[in-house]
Amino acid sequence: MDFYHLLLTLIPLIFLTLLTRYPNPCLSSKPSSVILPLKAKLIASPTTPRPPNKLFFHHNVSLTVSLAVGSPPQQVTMVLDTGSELSWLHCKKTPTTPSSFNPHLSTSYRPIPCSSPTCTTKTRDFTVRPSCDANKLCHAILSYADASSVEGNLASDTFHFGNSGLPGMVFGCMDTGSSSNPDEDSKTTGLIGMNRGSLSFISQMGFPQFSYCISGRDSSGVLLFGSANFPWLKPLNYTPLIQISTPLPYFDRVAYTVQLEGIRVSGTVLPLPKSIYEPDHTGAGQTMVDSGTQFTFLLGPVYTALKNEFSRQTKGILRPLEDPNFVFQGAMDLCFRVGLGSGLPPLPSVNLMFRGVEMSVSGEKLLYRVPGMTRGSDGVHCFTFGNSDLLGIEAYVIGHHHQQNMWMEFDLAKSRVGLAEVRCDLASQRLGLVH
């Protein structure tokens, strides 16, 4: 399940590698190098005083990593989500959740009482504050934008990276829930929350930054905990995280919020005031960088302006679908017919203009082939920007499809997000992944 829980699909094999990390009192044993399921390799970085951890993952429309949890370890597959705080696992095996974690088989599993500071204080950024169940345990309900939810108790256990373990990691052990896509949810065990909240996975691990790189070619990628000081990586350009001190009803204070300042289609900047991209007095209108969402969603007025300008510049180049009743994934209504077996024609790039940096979306990242849908001898391709208003989301969301072949760094220590264009398939090879 992802932040908006709209976009899960088939999860391929996952690869896991560990770099030697800096000393941490939470580690139960000395770190070693492993790759699951294929190979192990130690990669030291002499230029960094605290060499990072590196996880390899595959993605289709969800980014997943494989870990082991408990004592003895149980293998789990978790969706990587920078838009969520609490990591959680299905703890009750059902027909719709065949992949689950069994807490009764783990000697290191500890439920968290509702009187614990973890339950009373560290959950302050949860949308719904935890409650006390009949056994006086910390009970949490997590809801998502498509009305799906999971429910269960907070607990702690050891999360394993190869031969190393992080004991006492807090997560949700969920035993009930409702899903809008049970077939796809059945392919993962849970979710790994990576936002800036107190109980997110990255906050509990204590790393000052993490990065990921997603390939557009072979669905592989790399997730890195720690500094990314590699000679082949271009210097990153940074945009600051936007933070507010006063709680607002529609502003997620622990999301990776950046400031979108404009959008350019080829050489034409959309004729919109900068204020339209800024959060209003309720907090609605923030721009979040989210690994848990596939595509990018824009508030209605901006989406409409982008849709009209892209349509204008591709008139005579792309053939519109002309089916007003078809809206892909409920929010993407600009679709085209492209001949089966033929490639895409040259298209105008779309540049997202953030404070201090731009993200360029071009070529195949602009259009997504709708699986299994045809019109005569044509396939149906939809514009990879959607309308937030149709989803009931009061925000701009930058999805991972537009982050492909970008090195994305989330720097918690310096409150910024950095990016640089890179061939992520080559980056995986340079970091020791052999396909």
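The values are calculated or read from the model by the stated rules, or taken from the named source; none is laboratory data. Predicted model only: the values in this text are computed from it and were never measured. Reconstructed Cβ throughout: ideal geometry from the backbone, glycine too, with neighbour counts over all protein chains shown. Quick note on the areas: whole protein, heavy atoms, side chains included, nothing else; ligands and nucleic acids left out. Shrake-Rupley method; radii C 1.70, N 1.55, O 1.52, S 1.80 Å.
Does GLY339 qualify as being open to solvent by less than 40 Å² (accessible area, probe 1.4 Å) and in contact with a Leu (Cβ under 9 Å, 6 or more places away or on another chain)? Taking the combined requirement at face value, the residue does not satisfy it. Are any of the residues in segment 218-229 farther than 30 Å from ASP378 by Cα and open to solvent by 30 Å² or more (accessible area, probe 1.4 Å)? For segment 218-229, residues farther than 30 Å from ASP378 by Cα and open to solvent by 30 Å² or more (accessible area, probe 1.4 Å): present.
So, of the residues in segment 121-145 that are within 20 Å of LEU248 (Cβ to Cβ) and open to solvent by 40 Å² or more (accessible area, probe 1.4 Å), which turns out to be modelled with the lowest pLDDT? Once the filter is applied, the top-ranked residue is ALA145. So is LEU270 open to solvent by 50 Å² or more (accessible area, probe 1.4 Å) and assigned by the TED database to the domain that holds VAL357 or not? Spelling it out, it is not the case that LEU270 is open to solvent by 50 Å² or more (accessible area, probe 1.4 Å) and assigned by the TED database to the domain that holds VAL357. Checked across segment 34-53, the condition of being part of a strand (DSSP E or B) and either modelled with pLDDT of 50 or more or crowded, with 22+ Cβ neighbours inside 10 Å (or both) holds for at least one residue.
The rows are residues; the columns are (1) modelled with pLDDT of 95 or more; (2) surrounded by fewer than 20 Cβ atoms within 10 Å (Cβ to Cβ).
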| site | (1), (2) |
| --- | --- |
| VAL350 | yes, no |
| VAL357 | yes, yes |
| PHE383 | yes, no |
| ILE398 | yes, no |
| LEU419 | yes, no |
| LEU426 | no, yes |
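So is LYS122 among the charged types (D, E, K, R), free of Cβ contacts under 8 Å to residues at least 24 places away in the same chain and under 29 Å from SER62 (Cα atoms) or not? Judged against the criteria, LYS122 is not a match.
Matching residues to (1) closer than 25 Å to VAL269 by Cα; (2) not assigned by the TED database to the domain that holds LEU299; (3) not small (Gly, Ala, Ser):
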position: GLU322; (1), (2), (3): no, no, yes
position: ASN325; (1), (2), (3): no, no, yes
position: ASP333; (1), (2), (3): yes, no, yes
position: GLY341; (1), (2), (3): no, no, no
position: ARG355; (1), (2), (3): yes, no, yes
position: THR374; (1), (2), (3): no, no, yes
position: PHE383; (1), (2), (3): yes, no, yes
position: MET408; (1), (2), (3): yes, no, yes
position: CYS424; (1), (2), (3): no, no, yes
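Of all strands (runs of 3 or more DSSP E) completely enclosed by segment 229-310, which ones contain at least 3 residues that are of a type in the set (A, V, I, L, M)? The strands (runs of 3 or more DSSP E) meeting that bar are 260-265.
Give the residues of segment 81-135 that are in contact with a His (Cβ under 8 Å, 6 or more places away or on another chain), in a loop (DSSP other than H, G, I, E, B) and more than 21 Å from GLY70 (Cβ to Cβ), sorted by residue number. CYS114, PRO130, ASP133, listed by residue number. The residues of segment 330-367 that are closer than 25 Å to PRO235 by Cα, touching a residue at least 40 places away in the same chain (Cβ under 8 Å) and assigned to a loop (DSSP other than H, G, I, E, B), listed by number, are SER349, ARG355, GLY356.
Is it true that some residue in segment 314-329 is open to solvent by 30 Å² or more (accessible area, probe 1.4 Å), in a loop (DSSP other than H, G, I, E, B) and in contact (Cβ under 8 Å) with a residue 60 or more places away in the chain? Checked against the condition, which is being open to solvent by 30 Å² or more (accessible area, probe 1.4 Å), in a loop (DSSP other than H, G, I, E, B) and in contact (Cβ under 8 Å) with a residue 60 or more places away in the chain, segment 314-329 yields at least one hit. Taking (1) farther than 24 Å from ASP81 by Cβ; (2) in contact (Cβ under 8 Å) with a residue 12 or more places away in the chain in turn, SER291 satisfies each apart from (1).
With respect to SER377, is the statement that it is in contact (Cβ under 8 Å) with a residue 12 or more places away in the chain and surrounded by fewer than 19 Cβ atoms within 10 Å (Cβ to Cβ) true? Yes.
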